Structure formats: C-alpha cells, structure tokens
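One structure is given here, and the rest of the page talks about it.
The values are calculated or read from the model by the stated rules, or taken from the named source; none is laboratory data. Computed from a prediction, not measured in an experiment: that's the story for all the values here. Note that each Cβ is placed from the backbone with ideal geometry, even for glycine, and that neighbours are counted across all protein chains shown.
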Amino acid sequence: FLLLATTCSFLIVPSLACSNVLITGSAATDGNTMIGDNDDTAKRFGGVTHFAAGEWPVGSTRAIYDFETAVYSGEIDQPAKTLNVMGGANELGVVIAESTFGGLAELAGGEGKLLDYGSLITTTLQRATSARHAISTIEELTNKYGYSSSGESFSITDGSEVWHMDLVGRGQWGLGALFVAMRVPDGYISAHANQARITQ
C-alpha cells in the first residue's frame, strides 16, 4: 500500500512545464504561420490579460507588476502610442509565447531589474509591429529596465516569419540580457519545451 500511495502521489504532482510548437506558413496546409503554446500551470487556466491601445503624452509611465506574483516592480516610460494587446498577441498579429529553461542561477534576477518574462512579453507586444521588431524591442527594454527572470525561450511570429529566441539575464553584472534569435526556415516546424533550443 505504501508503494502504491507513493507512486500515486508522484503521478498526480502537477507539472510546471510549458511547451511551444512553431509552424511556418509553408509547413501548414492552409499557409498560415502558427504558434501553439501549452502552459501546464493550472493557476493561469482561463486567464487572459487585455491592455487597450493608447496614445500617451510625453513623460507618461506604466506600472510594472511581476507576472507570477503581481508584486509591484516599478515604472517604465510609455511610448507615444501603444498597441492593443490580448493575451500573447497584439492587434497587428504579432504573437509571443514562452517556455522557461532556467539556466545559471547567477544570471537570474539582480538589483533594480524591473521586467520579468511576462511583463517583458506584454510591454513588447504593446510596441512591436513585426517579429523582428519584437526581438529588437526585447533588447531595448531589457537594456533600459533590466530582466529579472531566469532563462526563457520565446516563440515569436507576425503571420509572415516565425522566430525562436533564447534569452538569459545578466544577474549582478548589469542591465540587459544575453540572447540569440533564429528564424525558423519557411517550410519547417520547430518546438521547444523548457530547454534552450539554439545550440550554435
């Protein structure tokens, strides 16, 4: 009975994993690019965030709250215009999904880092007009406000191109992030699940 109870308790422990599938247009029967995202954390089941589009006067700021804990992190500058964002997509069809790989503990967090992976995705989607623009926006935001999470893999599409991006912070060694990004060649499908994907 003890062995059975131990085995059952092991089997019902929830998994805290995310899996992404990236599909280019030529690999899909209908020609559409797609990103499939599965988050095995039940606490986010059914939750969808919405940030309405807006125009902002010079000097406007936006409060940042940690995606996991909802703890206030600080303020970042608003651009002159932000896009409408629903969940992991914006009004122009830019979509970002993620899967955590962790990485070296020394490169996670650090003093004065405002953007965790979730708030980084949202603030990027409020600004990005394409997949390539999303990658450069992630770089700009982390350089200015820091990255507070551990290593993440991002899946990014704009309906035309599909990109994979692996990113880690700089820990106590300054703001910004270390990253690599690679476009998934048209006609291909890629996937990642809790492990850095780009090896070269």
**Prompt:** Given the conditions (1) touching a helix residue (DSSP H, G or I) at 6+ places or on another chain (Cβ under 9 Å); (2) closer than 19 Å to Phe67 by Cα, which single one is not true for Phe179?
**Reply:** (2)
**Request:** Working only within the stretch 128-155, note down all residues that are within 12 Å of Gly112 (Cα to Cα) and of a type in the set (D, E, K, R).
**Result:** Lys144
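Conditions tested, residue by residue: (1) in contact (Cβ under 8 Å) with a residue 40 or more places away in the chain; (2) buried (at least 23 other Cβ atoms within 10 Å of the Cβ); (3) not aliphatic (A, V, I, L, M).
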{"residue": "Leu83", "(1), (2), (3)": "yes, no, no"}
{"residue": "Met86", "(1), (2), (3)": "no, no, no"}
{"residue": "Glu91", "(1), (2), (3)": "no, no, yes"}
{"residue": "Val94", "(1), (2), (3)": "yes, yes, no"}
{"residue": "Ala97", "(1), (2), (3)": "yes, yes, no"}
{"residue": "Gly102", "(1), (2), (3)": "yes, no, yes"}
{"residue": "Leu115", "(1), (2), (3)": "yes, yes, no"}
{"residue": "Leu120", "(1), (2), (3)": "no, yes, no"}
**Criterion violated by Ser153 - all others in (1) at pLDDT below 95; (2) within 17 Å of Gly36 (Cα to Cα) satisfied** = (1)
